[in-house]
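These notes are about the structure you will find just below.
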Amino acid sequence: MEIYLRDLHVSYRDYDTDDDPPVLHQKDALVTPDYPLYEKFAKLTCQEEDWGLLDNWRNISHRSGWLKCLADHCATLKGYQLSWLKDADPYKLKGLRATVKTRQAKRRNANNKNNTE
């Protein structure tokens, strides 16, 4: 459902028949912390950020682009958790894991800096 605030016109769209529907990312930002799945959503968002999956919003806005992004990052999504593809190229996987560790360290350092201020 879309509501145009200027004239309060309401339009509906059914994505059930769409071959390439939009994907909703960072669900934790759309719910309150008391929502039952908030923690799972927040952990998934952190993991997706660490893995570099959210770097190009234009490319991941629809399912086809999101699936390509997951494949490019040797990732698969199971429920609310990312995991590495079992058949991924080990050399590519080594580089991706190093990138993830670097991103995690940067996030930890930023969080520590914010907590000490």
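The values are calculated or read from the model by the stated rules, or taken from the named source; none is laboratory data. What you see is a predicted model, and the numbers here were worked out from it, not measured in a lab. Cβ atoms come from the backbone with ideal geometry, glycine included; neighbour counts cover every protein chain shown. Ligands, DNA and RNA are excluded from the accessible area calculation, which covers all protein heavy atoms including side chains. Shrake-Rupley method; radii C 1.70, N 1.55, O 1.52, S 1.80 Å.
When peptides 11-17, 27-33 are ranked by their average number of other Cβ atoms within 10 Å per residue, the highest-first order is 27-33, 11-17.
I'd like the FRET efficiency for Tyr35 and Trp84, computed as 1/(1 + (r/R0)^6) with the beta carbon distance as r and R0 of 30 Å, rounded to 0.05. Don't skip to the answer; put the middle values down first.
Values: r = 29 Å, r/R0 = 0.95.
Efficiency, from the Cβ-Cβ distance: 0.55.
Each Cα pair under 8 Å and six or more residues apart adds its separation to the average, and for the stretch 59-109 the resulting relative contact order is 19 percent.
Using C-alpha pairs under 8 Å with a sequence gap of at least 6, the mean separation divided by the residue count of the stretch 10-79 gives a relative contact order of 30 percent.
So how do 51-59, 90-98 stack up, highest first, on mean other-Cβ count within 10 Å? Before the final figure, lay out the partial values.
On the way: 51-59: 14.0, 90-98: 11.8.
Those peptides, ordered most packed to least, come out 51-59, 90-98.
Over the chain, give the accessible area per residue in Å² for a 1.4 Å probe, as an integer. Intermediate results must be reported in sequence, preceding the final value.
Numbers: 9060 Å² over 117 residues.
Result: 77 Å² per residue.
Working note: Karplus 6.51/-1.76/1.60 with θ = phi - 60° gives the stretch 40-49 the couplings 5, 4, 5, 5, 5, 4, 4, 5, 5, 5 Hz, where Gly and Pro are set to x.
Around the amide H of Ala75, modelled in the peptide plane, lie the amide H atoms of Leu85, all under 5 Å away and 5 or more residues distant in sequence or on another chain. Here the stretch 20-35 is scanned for amide nitrogen atoms under 20 Å from the site 7 Å beyond the Cα of Ala71 along Cα-to-Cβ, giving 20-24. Taking each DSSP H run with n ≥ 4 as -39500 (n - 2.57) and averaging over every residue of the chain yields -14500 deg cm²/dmol at 222 nm.
The modelled label-to-label distance between Lys101 and Tyr12, using points 7 Å beyond Cα along the C-beta direction, is 5.3 nm.
Once backbone amide H atoms are built at 1.01 Å from N, His62 has Val23 as its partners under 5 Å, excluding neighbours fewer than 5 places away on the same chain.
With contacts defined as alpha carbon pairs under 8 Å and 6 or more residues apart, what's the relative contact order of the chain in percent? Rounded, it is 19 percent for the chain. In this structure, the residue pairs whose Cα-Cα separation is over 25 Å, taken from Lys43/Lys101; Lys86/Lys106; Lys27/Lys86; Lys40/Lys92, are Lys86/Lys106; Lys27/Lys86; Lys40/Lys92.
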